[in-house]
1. When you scan region B:1-46 for strands (runs of 3 or more DSSP E) that lie fully inside it, which ones turn up with 1 or more residues that are surrounded by 13 or more Cβ atoms within 10 Å (Cβ to Cβ) and more than 13 Å from the chain's Cα centre (by Cα)?
2. Restricting to region B:50-60, count the residues that are crowded, with 16+ Cβ neighbours inside 10 Å and either among the polar types (S, T, N, Q) or farther than 26 Å from A:K104 by Cβ (or both).
3. Which ones in region A:73-96 are over 16 Å from B:L90 (Cα atoms) and of a type in the set (G, A, S)?
4. Please name all residue pairs, on different chains or six or more residues apart, with Cβ atoms under 6 Å, provided the first residue is in region B:56-69 and is basic (K, R) and the second residue is exposed (fewer than 13 other Cβ atoms within 10 Å of the Cβ).
5. Test A:S69 against the stated conditions and say whether it is more than 19 Å from B:Q41 (Cβ to Cβ) and among the polar types (S, T, N, Q).
6. Quick one: how many residues across region B:102-114 are in contact (Cβ under 8 Å) with a residue 24 or more places away in the chain, within 14 Å of chain A (Cβ to nearest Cβ) and assigned to a loop (DSSP other than H, G, I, E, B)?
7. (1) surrounded by fewer than 17 Cβ atoms within 10 Å (Cβ to Cβ); (2) in contact with a Cys (Cβ under 8 Å, 6 or more places away or on another chain); (3) not aliphatic (A, V, I, L, M): which one isn't true of B:G106, the others all being true?
8. Would you mind telling me which numbered condition in (1) out of contact with any strand residue (DSSP E or B) (no Cβ under 8 Å at 6 or more places or on another chain); (2) facing chain A (nearest Cβ under 10 Å) B:Q44 fails?
Amino acid sequence: DQQVKQNSPSLSVQEGRISILNCDYTNSMFDYFLWYKKYPAEGPTFLISISSIKDKNEDGRFTVFLNKSAKHLSLHIVPSQPGDSAVYFCAASPNSGYALNFGKGTSLLVTP
Amino acid sequence: ETGVTQSPTHLIKTRGQQVTLRCSSQSGHNTVSWYQQALGQGPQFIFQYYREEENGRGNFPPRFSGLQFPNYSSELNVNALELDDSALYLCASSTKDRVQETQYFGPGTRLLVL
């Protein structure tokens, strides 16, 4: 049973524009959410996280928004750069980071 | 600061064999988690070790077992390999000394079972 869903397998964005990656979850016990970026032949790299007590967290070009009532989070990348091209995974935890539940990933392509 | 490392990078085994995968945690981390990532899927939680004890397990059978050593390095052992065990195995280290636990991943070991 997939508790974390990333419904867009792929996304293409022009360099300099905003990339918005979406994630939905079903388990209301999730209290910590993370985004990871993965390049081929590498492990996932931690990008940004958000606790369920917040609705927004920002780190440079990356902002994560959490809408608890809709059980939805999104990652905004502004401005997008070609080096951002990778697979992005959304992950959620029911216990402050323990036992992450991952979505299937969204492949982002940023074109020059 | 040394990141998470895993060995070997690739491995080929035959059905029924046993395999041991190794992970060295990031400096200062006392917790290690293992994940299995099948092709086209997100990583799935296998189990976590904290201070050398298993600290929780996902939906994986007992033939998946692990160890954590005093230096916080870790092993994942899989017995009686099946074809469906072919996957990327990821190790992640973290520390439980903070309010939230952010897991940092190694590059993974790609296992092929023939």
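Derivation of every value follows stated rules applied to the coordinates shown; laboratory data play no part. Everything numeric in this text was worked out from a predicted model, so none of it was measured. Using ideal geometry, Cβ is built from the backbone for each residue, glycine included, and neighbour counts are taken over all protein chains shown.
1. Numbers: elements: B:5-7, B:10-13, B:19-24, B:31-37.
Output list reads B:10-13.
2. The number of residues fulfilling the criteria is 2.
3. Those that are over 16 Å from B:L90 (Cα atoms) and of a type in the set (G, A, S): A:S74, A:S80, A:G83, A:S85, A:A86, A:A92, A:S93, A:S96.
4. Correct list of pairs: B:R63/B:A80.
5. Numbers: more than 19 Å from B:Q41 (Cβ to Cβ): yes; among the polar types (S, T, N, Q): yes.
Yes.
6. Looking only at region B:102-114, we keep the residues that are in contact (Cβ under 8 Å) with a residue 24 or more places away in the chain, and these are B:103-114.
Adding the requirement that they be within 14 Å of chain A (Cβ to nearest Cβ) leaves B:103-110.
Retained after the next criterion (residues that are assigned to a loop (DSSP other than H, G, I, E, B)): B:103, B:106-108.
Final tally of qualifying residues: 4.
7. (1)
8. B:Q44 satisfies all of (1) out of contact with any strand residue (DSSP E or B) (no Cβ under 8 Å at 6 or more places or on another chain); (2) facing chain A (nearest Cβ under 10 Å) except (1).
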